[in-house]
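J.: Could you have a look at this structure, given as structure tokens, before my questions?
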Amino acid sequence: MSVKSSSAILHNVARQGLITKQFVPTPSAKSSALATYLSSRHTTKVSYSSTRASATLGQGRQNQNSNDSNNSAQQTPLLQLQQPWPNSRILKKLGGGVRFNSSTALQAAVEPKPDGDQPSSATNKKPTAEAANEKTREFNNIILSQKRSYDLRGVVSTFESMKQQGVVPSQHTYNLVLDAYASLRKDGTPLVNLLHVYDEMIQAEVQPNVFTYTILIIALCRRDAEVLKTVSMLKYRSAREGHDIEDLTSLENENNLQVAMSLFSKAVENPRTRYFELEVYNHLLRTLSHYGNTSDGLFVFDHLDRSPNVQPNAATFSALITLYGRAGDMLSSLECFKEFRNLRKQLIEQDITFVYNSLVDAYIKCDDFPAAMDVVSKIMPEDGINPNIYAYNTIVRDLCQRGDTDGAMDILMKLRNDSTLPNPDASTYGAILHMLYQNSELDKATTTYETMITSPTDLSRGYGTIAGYAYLCLAHGKANCVFDIVEDMRSHGLAPDATLMEKFVSVYLEAGDTEHAVDALRVVVGAVAHRSPIREGNSAIDVAAKLVKKCAEARDLKRGLLTVQVMMQHYVRLPADVRGPLLKVYGEARADTGKWEEIKGRLTGRDFVTLFDVAFVADGTPVMFRETVVGLLRDMKELGLKPTGTMYAKVSRRLTKYGDEEGGKTWKEEFESLITTELVETTSSAPKALQMPEVLQTTLGFPKTTPEVPMIMPQSEIASQEMLRAALDGNFAETFNIFNQKILACNLIPTPEVMRDVIAYIGKQGQMELAVLLMERSLELYKHLGSRGREQRARYLALNSVLIAYAQQSDMVKAKHYYQKIKDMGLHPDGNAYASLLLGTARDATDEYHDAMTIYDEARANNVRPTTFFYNVLISRLAKARKLDAALRLFDEMKPANVLPNPITYSAIISACLRAGNVDAATHAFNDMTASPSYQPRVVPFNAMMQFHARQKPDRAKVLTYYDKLRTSGCQPSVHTYRLLMEAHACIEPYDMPTAHALLTEMKQRDDIQPAPCHYATLVHSYGCLQKDVASALAVVKEMKNAGVCADDTVYQALLDIHITDGGLAGLTEAEKVYAQMEKEGVKSTPYIENLFIRGFGDARDIVRAERVFEKMTDEKGEATGKVLREPSTYEAMVKAYLANGQVEKAREIVKRMEGREFPEKVVSSVEELVEGGAGPKATV
């Protein structure tokens, strides 16, 4: 018997009126014993309402069940939805007689040839149909290229741009966009965008094909499964946490399966869209099986049978067995299983265990527990199938639902003790523990939980199981147990959710036990931070804020400060309105002698650091700020607590910002009076005087020798800040002098945080010898910090700074040396260091996307706190690699990570959008940037927008619009700004040469910018290449020389382009003379100049000389080679030269060489497509 013959088993069942799609099946020539059996049965249809409260599918058919046998030919057409999809036009269109297109093979539907792609029939009626079709094909080629390079956001953006320009999308367009939306959809989100595009397609009378229906049906089935899982999870959470279930109306009203069946019904009505791939049938059957809907299942299976190239597989039988089992028809499930066993050897699948699991599930749903046990204990072993844990979990869940605690525990013990059986997993324990939670059986739950935790069970997805036990403990007054439970979560990569955190902390708060409430917060926040950085919007912040407010209300200053400190350990600063009241509580306690005596002995230096931090965000006048900080400092003096140097510097800067000279003087006097008495003696030998690098020895004498006993004093902050100011002023000799005379000579230790900045800045300026010298001497001094933890942190900061410095100097060998030193400490570089490593690596690499993502992935894996610089570098690299999706994803991460984008960030993201051709996204980012409260105008983003509209998508009006915005912002134009302005007038038709020339004068008079060679090059290019006016172009060159401006590569490129473009061999000869003159004047060539010659020789059919130009260039970065570096455009020019001369194989060899350079995939693909197309248009230079 063939596999196909098994489909006859369902034909007779269909005769009983269970299929309601205006379809009465014709008796098949195929037959089986199962078909004979099913023909005599009447299967009860289970409504969707059994699972969803109000989403009943096929209600009209249910009402007709009693008359089915007599009225089978008068079935209700299509699906009658009790609650249709909000975008109801889709379903209206499905029933409205839409014309359908012929369907080709599925692969052809995915990517049909663009030349054969036609817009909608309505478009073809227009007089301009030829032009409209051409525009549609152009956009389709772009979208297809974006899809192949996985730029799915680009697909959507191009589609929107296409519609805005009035270009009519075709069937191919819609299919590509639907596929992009299906891939872009995030798990757990509805299919609104996908169905909206399909609705547009139907309204435009563009005919769906098989691929259209395939995308939609599979997406709808997957979403339906998500909804079922979400509803189940919400109900489980409701029972676990003890609150009312959330409103499920929005989920229930999606009606995903109903829409999928409507689409399927409409498709099979048309002979040209009738047949699908097996995956579609199986998705529908599997989804229908969740509801036990045999009538629709039979309808789908009958069409599977009629499909000429599709045969059922094990997944099909699994779905059918489940379908009948959940409908309560075990005999039909058995007949399906019997047919499966008969055909088993003909099936391709290696693992068919899931079919037997379906049989277990069917027995359970039909309330036959002994038979389900027989499947795993007898039938599966007889068939040579090893039962997996899924089958046992089905049985355990059933026992738990019945309340049979002993039966479930017996199976658990068998699984644990019998080595021939599968090990219990998180779901096994979860079902049993959930039952015990509901029964409030704490002792049994504790025993089971401890068994689970001590077993090798993977609990990475078992949050609900662990959390349920925590809730049970809280309900029984065992909150102390939750501390260990949260640690268990942490050890399995989990973290408490908002509800558990709040309940855990609230148990202690309600009891007035703020001490243990803070301890509880510390544990849960630690678990959350261990999994991922705590970012804005994280529920841990809300819980902490509630605790601080509670402490403030209770006048419990110490616990309030501890709470703030717990969060600050994880780089989280609570909102000012939360921290502010603590300062008031402190003031009240300070004014109350009795209260002050009670709390002052418990206050620590860390508490005062927190209070100073609160003072910075508290509301008030500059005078109030001065009084607060001076009062805090005096209190520290009274309590014998030492202030930190950082504290001194921060307050000093704030007072300076306020212009409070008197306050600054008072602050300094109070601080110095306190620190003059502070001395910590050590017994170590005296530090040796620091020897100056040779580069600085001419400006300073050697330092004096230092005393024998080094000291650690807060004055070091003042001296360290002086060093930093000197370094920032570029006075490195003075920086060196301060270190020797005010730190070493005074037996001080430099402040590690300030020294970090000093070393990094000096190194960034190229003074690596001095930076390393300061680092090494600082490391010796840090040994006297008195605490291993403080020493390690100080050492880390110094090494990290040197790493950054070497990386930014492109000395990657030494940078990686310090990278390894940090790793040897068991630590990782910080965000700025990772970014600097990427900067250094990028200068010697072409595959910037993979380099960027490697750095990003390592930093994330090590839980490194990102910085604005970190994101800026990553986004810039991704922009250069034309990876817009990845760049946007990182940009979107910044705000939740509490990292604010700056103008450089916006410049990078705007550049990424423009490189990808997504001007809408770039405009949106630009507008976001200018609307930002912290916006500081910079010329780069304005230039980026101007450049796009001057070059990629020429539009003079928009160039001038962004120039006006630049002026309005108060930003100063740059040399490049004026170049773009000149291009807008000189290179965009109609050419406005008088205005372009006038800009040479305007830039000098208005902005004091001297005209540069690139400005003259723009004029030369316009006259000579665009307007073919060589005489005027040469006159511009003469004018440039008279102005005392020397020609650079941009001028020579314009001149060479004049001779080479359309100049033939004679033009190439003249170009070679110009090239020789360029070399004589010491102007270096560029890839774009060399590309001109490759293109010119290729067009002139002199491929040997084109090869000679190409081969004299190099793939090695750096100027040491003395050769010109090949850019992607160089490879493109060479490929086009070969193609123009009919040498396709050599063109392919160039592509292979290009692939070896690891250029961005999109760049290589565009050149590869030229070869496959076999055409050779002029190269882009």
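J.: When averaged across all projection directions, what area in nm² does the alpha-carbon convex hull of segment 476-523 cover?
T.: The orientation-averaged projected area of the Cα hull of segment 476-523 comes to 3.2 nm².
J.: Follow-up question, since we're still on this one. At 7 Å along the Cα-to-beta-carbon direction for both Ser1166 and Glu1111, put a label point, then send me their distance in nm to one decimal.
T.: 2.9
J.: While we're on this one: Work out, in µm²/s and without decimals, the Stokes-Einstein translational diffusion coefficient of segment 213-324 at 4 °C, 1.567 mPa s, Rh from Kirkwood over C-alpha pairs.
T.: Reported coefficient: 86 µm²/s.
J.: Sticking with this one: Run the simple label-point estimate for Ser532 and Leu1026 please: 7 Å along Cα→C-beta, distance reported in nm.
T.: 4.9
J.: Just give me a number: lysine pairs in segment 590-661, eight or more positions apart or cross-chain, with C-alpha atoms less than 22 Å apart. List each step's numbers first, then the result.
T.: Values: Lys595/Lys637; Lys600/Lys637; Lys600/Lys642; Lys637/Lys650; Lys642/Lys650.
For segment 590-661, qualifying lysine pairs total 5.
J.: Using a 10 Å cut-off around each Cβ, can you sort Lys186, Lys1152 from fewest to most neighbouring Cβ atoms?
T.: Lys186, Lys1152
J.: Quote the FRET efficiency, to the nearest 0.05, computed for Glu1149 versus Thr930 with a Förster distance R0 of 60 Å and r equal to the Cβ-Cβ distance.
T.: Computed FRET efficiency for Glu1149 and Thr930 comes out at 0.80.
J.: Between Glu638 and Ala591, what is the label-point separation in nm under the 7 Å Cα-to-beta-carbon projection?
T.: Placing both labels 7 Å along Cα→Cβ, they lie 1.4 nm apart.
J.: For a quick protection proxy, order the peptides 758-771, 606-619 by their average other-Cβ count within 10 Å, most packed first.
T.: Final packing ranking: 758-771, 606-619.
J.: For segment 388-477, what D do you get in µm² per second when you plug the Kirkwood radius from alpha-carbon pairs into Stokes-Einstein at 25 °C and 0.890 mPa s?
T.: Estimated diffusion coefficient is 189 µm²/s.
J.: What is the Cα convex hull volume of segment 718-804 when expressed per residue in Å³?
T.: That works out to 73 Å³ per residue.
J.: Taking the Cα atoms of segment 894-985 alone, what are Rg (to one decimal) and Dmax (as a whole number) in Å?
T.: Answer for segment 894-985, Rg first and Dmax second: 12.9, 44 Å.
J.: A further question on this structure: Can you give the log10 of the normalised intensity I(q)/I(0) at q = 0.14, 0.22, 0.25, 0.27 Å⁻¹, computed with Debye over equal Cα scatterers of segment 590-661?
T.: -0.45, -1.02, -1.23, -1.35
J.: Now a separate question. As a quick test, which of the pairs Lys1084/Lys1112; Lys147/Lys895; Lys186/Lys229; Lys549/Lys584; Lys1004/Lys1041 have an alpha carbon distance above 21 angstrom in this structure?
T.: The answer is Lys147/Lys895.
J.: For segment 1025-1095, max minus min Cα coordinate along each principal axis, in Å, sorted largest first?
T.: Principal-axis extents of the Cα atoms in segment 1025-1095, largest first: 33, 27, 17 Å.
J.: Still on this structure, please answer the following. Through the Karplus equation 6.51 cos²θ - 1.76 cosθ + 1.60, θ set to phi - 60°, convert the phi angles of segment 1005-1014 into ³J(HN,Hα) values in whole Hz; use x for Gly and Pro.
T.: Taking θ as phi minus 60°, the curve returns 6, 8, 10, 6, 10, 7, x, 10, x, 5 Hz for segment 1005-1014.
J.: Fewest first, what order do Lys1136, Lys742 take by the number of other Cβ atoms within 10 Å?
T.: Taking fewest neighbouring Cβ atoms as first place, the list is Lys742, Lys1136.
J.: Quick check for you: which residues of segment 149-164 have the amide N under 19 Å from the point 7 Å beyond the Cα of Ala957 toward its beta carbon?
T.: 161-164
J.: How large is log10 I(q)/I(0) at q = 0.19, 0.20, 0.23, 0.25 Å⁻¹ when the Debye formula is applied to the Cα atoms of segment 495-574, each weighted equally and without solvent?
T.: The computed values of log10 I(q)/I(0) come out as -0.69, -0.77, -1.03, -1.21.
J.: Next question. Karplus couplings for segment 763-770 from phi (6.51 cos²θ - 1.76 cosθ + 1.60, θ = phi - 60°), rounded to Hz, Gly and Pro as x?
T.: Result, rounded to whole Hz: x, 4, 7, x, 8, 5, 4, 5.
J.: How much of the calculated P(r) for segment 543-590 lies past 15 Å, in percent of all Cα pairs?
T.: Of all Cα-Cα pairs in segment 543-590, 32 percent lie more than 15 Å apart.
J.: Starting with the highest mean, order 361-368, 1023-1030, 819-826 by the number of other Cβ atoms within 10 Å, averaged over the residues of each peptide.
T.: 361-368, 1023-1030, 819-826
J.: Assuming 0.890 mPa s and 25 °C, estimate D for segment 420-576 with Stokes-Einstein, Rh taken as the Kirkwood radius over Cα pairs, in µm²/s.
T.: Estimated diffusion coefficient is 151 µm²/s.
J.: From the gyration tensor of the Cα coordinates in segment 1032-1173, what semi-axes in whole Å does the equivalent ellipsoid have, largest first, with each one equal to sqrt(5λ)?
T.: 29, 18, 12
J.: Would you mind ranking Asp404, Asp964, Asp187 by Cβ crowding within 10 Å, fewest neighbours first?
T.: Ranked by crowding around the Cβ, least crowded first: Asp187, Asp964, Asp404.
J.: I would also like to ask the following. With the calculation restricted to Cα positions, what are the radius of gyration and Dmax of segment 970-1086 in angstrom?
T.: Using the Cα atoms of segment 970-1086, the pair Rg, Dmax is 14.4, 51 Å.
Each value in this text was obtained by applying a stated rule to the coordinates, not by laboratory testing. For clarity, every value in this text was computed on a predicted model and none was experimentally measured. Cβ: placed from backbone, ideal geometry, glycine included. Neighbour counts: every protein chain shown.
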